[in-house]
1. Testing I403 on (1) under 20 Å from the mean Cα position of the chain (by Cα); (2) under 22 Å from G22 (Cβ atoms), one condition comes back false. Which one is that?
2. L88: more than 15 Å from the chain's Cα centre (by Cα), within 30 Å of V242 (Cβ to Cβ) and of a type in the set (A, V, I, L, M), yes or no?
3. Residues that are open to solvent by less than 10 Å² (accessible area, probe 1.4 Å), more than 21 Å from D325 (Cα to Cα) and under 24 Å from the mean Cα position of the chain (by Cα): does the stretch 120-132 have at least one?
4. Being out of contact with any Gly (no Cβ under 6 Å at 6 or more places or on another chain), touching a residue at least 12 places away in the same chain (Cβ under 8 Å), within 18 Å of S214 (Cβ to Cβ) and among the small types (G, A, S) is true for just one of A316, A305. Which residue is that?
5. Is one or more of the residues making up the stretch 195-204 open to solvent by 10 Å² or more (accessible area, probe 1.4 Å), touching a Leu at 6+ places or on another chain (Cβ under 7 Å), hydroxyl-bearing (S, T, Y) and within 30 Å of M254 (Cα to Cα)?
6. Assess whether L184 counts as being at pLDDT 95 or above, more than 15 Å from the ligand (Cβ to nearest atom), farther than 30 Å from V429 by Cα and crowded, with 20+ Cβ neighbours inside 10 Å.
7. Starting from residues that are among the β-branched types (V, I, T) and within 25 Å of the chain's Cα centre (by Cα), keep the ones in the stretch 170-193 and report whichever is nearest to L373 (Cα to Cα).
Amino acid sequence: MTAPAERIVIENCAVATVDADGTEYPAGHVVVAGDRIESVGPGPAPAGLDGVVRRVDGTGHLLTPGLVNTHHHFYQWITRGLATDHNLFDWLVALYPTWARIDEGMTHAAAQGSLAMMARGGVTTAMDHHYVFPRGTGDLSGSIIRAAAGMGVRLTLARGSMDRGESDGGLPPDFAVETLDDALAATEETIDKHHDASFGAMTQIAVAPCSPFSVSTELLRQGAELARRKGVRLHTHGSETVEEEQFCRELFGMGPTDYFESTGWLGEDVWMAHCVHMADSDIAAFARTRTGVAHCPSSNARLAAGIARVPDMLAAGVPVGLGVDGTASNESGELHTELRNALLINRLGAHREAALTARQALRLGTYGGARVLGRAEEIGSLEAGKLADLVLWRMDTLAHASIADPVAALVLGAAAPVTLSLVNGRPVVEDGRLVTADEDAIARTTRDEARRLARIAGLSG
Ligand SMILES: [Zn+2]
């Protein structure tokens with residue numbers, strides 16, 4: 001006989017479940033049993049529960065599902081603050097030579113920095129699209145997975161790749177790319193070693209060639225075949241800038257969405273970052289195929305890429321989640337502030353006051369993200385039977401106490417502090433501090449690794 005699950009009770013807080021009906025309770029409760037949500041409802045938790053090991057008084061708080069980040073490049077944590085006034089292509093060309101010098105120690109430290117920053121801001125599921133694999137620099141994928149496991153944060157690692165160097169008409173320098181065969185073999189090995197398809201998995205792997213201008217058509221084609229043979233998801237960058245659109249038209253005689261479709265890259269197992277430059281027909285193709293989008297409003301603004309048409313995508317039925325993108329183009333690295341940025345930028349883009357509501361923004365950052373990562377049955381909303389990934393946001397301090405609506409306070413107000421976050425029912429943040437890692441030690445290590453990289457890359461003396 002297995003031991004009865006230990007229970008955690010959280011009550012007296014506002015609850016935004018983000019379920020299909022958008023159910024909310026002004027004062028409600030959640031009961032966690034082991035790694036699952038056992039019940040959610042109005043008022044206090046049911047009386048007489050056995051095995052309660054912790055009872056949290058959530059007075060003055062809002063309880064939501066944990067935030068889900070759908071696009072990031074963790075390694076960029078140690079190349080922040082460079083090329084700060086560039087568009088995408090110029091920014092990439094400026095940074096590739098530095099990125100090509102990363103090693104396992106740097107990658108691990110940068111992953112810890114990226115994960116710590118997000119976890120402290122309510123992220124319970126992270127993703128890392130890692131596509132720089134210099135030869136002979138150790139087990140970079142393993143170092144990223146180790147960092148997430150150590151912090152207790154759920155991870156999708158998108159094993160990226162680049163095989164179209166400058167001499168093949170691509171953007172990255174030749175020394176920064178892998179061969180087609182090496183990229184495919186290493187991606188398959190990463191899936192075999194690390195992908196966990198079971199309910200509640202802490203680590204999943206996706207196949208993720210970097211972008212149309214840095215990978216060959218063959219890598220896209222064979223990458224899609226590999227992903228489908230292995231039953232894992234597919235991820236890449238798409239339709240980020242006008243320059244990318246021009247690149248595709250010149251090289252392939254069609255725009256990015258048609259090019260992706262011709263290589264097997266539209267489908268319900270695919271999600272793409274950005275999707276800024278999308279015609280009505282592109283949005284219709286994404287909707288028809290249920291291809292997902294990782295919307296990255298701050299990065300798109302930082303690189304002056306443009307404004308993705310998220311309200312039109314949602315209206316058409318396209319699955320959309322939020323991403324911070326790599327921190328070389330979004331130095332903050334926080335996802336909770338992207339809720340606000342998504343709302344503001346999409347209202348500006350659509351010139352419409354209700355183009356994206358506060359509740360839609362919260363849904364993008366939770367359930368929407370879970371859906372594009374293929375995990376909507378497990379996470380993304382507070383419902384009985386789902387995994388206990390949740391966040392208790394503090395709303396009773398100067399920043400938020402006088403805001404009438406807690407969901408509006410979370411989305412529109414200042415970045416809210418996290419009193420408690422759970423992943424699989426286990427605490428990751430308590431009273432605004434990580435409990436699974438030492439933030440100050442990570443700050444020191446990432447600073448040292450950023451300096452070491454700058455020295456090796458010749459950026460400083
Ligand atoms: Zn990106």
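1. Of (1) under 20 Å from the mean Cα position of the chain (by Cα); (2) under 22 Å from G22 (Cβ atoms), only one is false for I403: (1).
2. Numbers: more than 15 Å from the chain's Cα centre (by Cα): yes; within 30 Å of V242 (Cβ to Cβ): yes; of a type in the set (A, V, I, L, M): yes.
Considered against the rule, which asks whether it is more than 15 Å from the chain's Cα centre (by Cα), within 30 Å of V242 (Cβ to Cβ) and of a type in the set (A, V, I, L, M), L88 comes out as yes.
3. The answer is no; no qualifying residue exists.
4. A305
5. Scanning the stretch 195-204, I find no residue that is open to solvent by 10 Å² or more (accessible area, probe 1.4 Å), touching a Leu at 6+ places or on another chain (Cβ under 7 Å), hydroxyl-bearing (S, T, Y) and within 30 Å of M254 (Cα to Cα), so the answer is no.
6. Numbers: at pLDDT 95 or above: yes; more than 15 Å from the ligand (Cβ to nearest atom): yes; farther than 30 Å from V429 by Cα: yes; crowded, with 20+ Cβ neighbours inside 10 Å: yes.
Considered against the rule, which asks whether it is at pLDDT 95 or above, more than 15 Å from the ligand (Cβ to nearest atom), farther than 30 Å from V429 by Cα and crowded, with 20+ Cβ neighbours inside 10 Å, L184 comes out as yes.
7. Filtering first and then ranking leaves I191.
Yes/no matrix, rows are residues, columns are (1) in contact with a strand residue (DSSP E or B) (Cβ under 8 Å, 6 or more places away or on another chain); (2) open to solvent by 10 Å² or more (accessible area, probe 1.4 Å); (3) of a type outside the set (V, I, T):
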site: G253; (1), (2), (3): no, yes, yes
site: T291; (1), (2), (3): yes, no, no
site: C296; (1), (2), (3): yes, no, yes
site: V318; (1), (2), (3): yes, no, no
site: S329; (1), (2), (3): no, no, yes
site: S332; (1), (2), (3): no, yes, yes
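The values are calculated or read from the model by the stated rules, or taken from the named source; none is laboratory data. No experiment lies behind these values; they were computed from the predicted model shown. No Cβ is skipped: glycine too gets one built from the backbone with ideal geometry, and neighbour counts run over all protein chains shown. Surface accessibility is based on the protein's heavy atoms, side chains included, excluding ligands, DNA and RNA. Shrake-Rupley method; radii C 1.70, N 1.55, O 1.52, S 1.80 Å.
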